[in-house]
Every structure is written in C-alpha cells, then in structure tokens.
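One structure is given here, and the rest of the page talks about it.
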Amino acid sequence: LRGHDDRVWHAAWSPKGDALATCGADRTVRVWRPAADGSWRCVQVLDEAQSRTVRTCAWSPCGKSIAAVSFDATTAVWRLEPGGGSAAEEA
C-alpha cells in the first residue's frame, strides 16, 4: 500500500473485512478498499486531528467509526460518512 509519507505503525481490518485502516508517523489514518483490478486504493485520509505519530487505530464494531491514539496524548474518533466524508472528534 503506497500513500503514507512515513512509517506505518498499525493496520486494522474493518469488522466486515472489506476495508483496512492504517496509521503512522505521518500523523494520518488512511482507509483502504479493494479496487476492481484487485489492488487496494486509499479512499480516505483522516488527518489534522493529531500532531504526532498515530500509534494505533481501531474500528468500531459497526464499522462506522475509527478511533486513533497518538503520541501527542490524544485520542481522535472519526465518524465515517457515506460517500467518503468524515467528522473528527478529539477526546
């Protein structure tokens, strides 16, 4: 998977297994889905919520939210919107 600008620290499968979330030192969480040709493409970049490396991420059981924990001592939760949008909430 190409897209992160620095080391990837963690990857997590969605509950249905149809998407993958990755996070890393570039302070982003990326959501990946399979393309028609069998490759994986980045469909969302979740950023601007954390100022340091995102250490881990996890999907909610329903697959509609992703939580991420950063070395900046914050937790961010994104509610994924249909069509690729997202809304971030810091905790």
(request) Compute the relative contact order of the chain as a whole-number percentage, counting only Cα pairs closer than 8 Å that sit 6 or more residues apart in sequence. (result) 21
(message) If you roll a 1.4 angstrom probe over the protein chains with everything in place, what fraction of the accessible area of the chain belongs to carbon and sulfur, to the nearest %?
(response) 48
(message) Multiplying the sequence separation of Arg7 and Ser65 by 0.36 nm and subtracting their Cα-Cα distance, what value in nm do you get?
(response) 18.6 nm
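For the chain, what Kirkwood radius comes out of the mean inverse Cα-Cα distance, in Å?
Taking every pair of different Cα atoms in the chain, averaging 1/r and inverting gives 12.9 Å.
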(request) Scan around His10 for amide H atoms under 5 Å from its own, H built in the peptide plane at 1.01 Å from N, and keep only partners 5 or more places away or cross-chain. (result) Cys23
(request) Could you state the accessible area per residue of the chain in Å², with a 1.4 Å probe and every protein chain left in place? (result) 59
(message) I'd like the Karplus ³J(HN,Hα) series for region 7-24: coefficients 6.51, -1.76, 1.60, θ = phi - 60°, whole numbers in Hz, and an x wherever there's a Gly or Pro.
(response) 4, 8, 9, 7, 9, 9, 6, 5, x, 7, x, 9, 8, 10, 9, 10, 9, x
(message) Using amide H atoms built in the peptide plane, which far-off residues or other-chain residues are under 5 Å from Arg27 H to H?
(response) Val54
(request) Place +1 on the Cβ of every Lys and Arg and -1 on the Cβ of every Asp and Glu in the chain, take the dipole about the Cα centre, and give the residue among Ser39, Trp78, His4 whose Cα lies farthest towards its positive end. (result) Ser39
(request) Apply 1/(1 + (r/R0)^6) to the Cβ-Cβ distance of Ser39 and Val77, taking R0 = 22 Å, and write down the FRET efficiency to the nearest 0.05. (result) 0.15
(message) Quick query: amide H of Ser65 versus all other amide H atoms, modeled in the peptide plane; which residues come in under 5 Å with a sequence gap of 5 or more or a different chain?
(response) Ser60, Leu80
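The values are calculated or read from the model by the stated rules, or taken from the named source; none is laboratory data. If you're wondering where the values come from, they're calculated on a predicted model, not measured in any experiment. Every residue, glycine as well, gets a Cβ built from its backbone with ideal geometry; the counts of neighbours run over all protein chains shown. Quick note on the areas: whole protein, heavy atoms, side chains included, nothing else; ligands and nucleic acids left out. Shrake-Rupley method; radii C 1.70, N 1.55, O 1.52, S 1.80 Å.
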